[in-house]
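We did not get these values from a lab; they are worked out from the coordinates using the rules stated. As the structure is a prediction and not an experimental result, all values here were calculated from the model. Backbone-built Cβ (ideal geometry, glycine too); neighbour counts: all protein chains shown.
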Amino acid sequence: MTPPHTGPALRLTVVVGENDTWHHRPLSTEIVHRAHAAGLAGASVFRGVEGFGRSSRIHTARLLSLSEDLPVAVLIVDEEERIRAFLPELDELVTDGLVVLDACEVVRRPGSAGPPEGAPAE
């Protein structure tokens, strides 16, 4: 398991509710653990402060209207083939959420010592 190389990559974003579960475990946690088991480069979970989905019900963390089901985004970046090979795992897990793929470019990865090869020096 190594971080993605610098250069073209695919970003997988999975947006679910923080109360969504898989066998009594937070769904975002299950996605992260499966991504780890699949050998993907890494996964991060971000908790939203406000949002709405298909139900059009707004969920917010504002003090006067606390929500108990804020949006949670799981973000994974790796080589395209590795991300696409992981997608069938999500078919089983994500029944009421959003799965998005974006082409991206990795310009710096954890542990890299400086700018990517071919980048202009400052």
Contour excess over end-to-end distance, with Cα ends at Asp91 and Val107 and 0.36 nm allotted per residue: 2.8 nm
When a footprinting reagent is the concern and you count Cβ atoms within 10 Å, what order do Val94, Val100, Val45 take, fewest first? Val100, Val45, Val94
Under 9 Å from the Cβ of Pro71, count the other residues' Cβ atoms, weight Lys and Arg +1, Asp and Glu -1, and hand me the total. -2
In the neighbourhood of Val32 defined by beta carbon distances under 14 Å, the net charge of the other residues (Lys, Arg +1; Asp, Glu -1) is -2
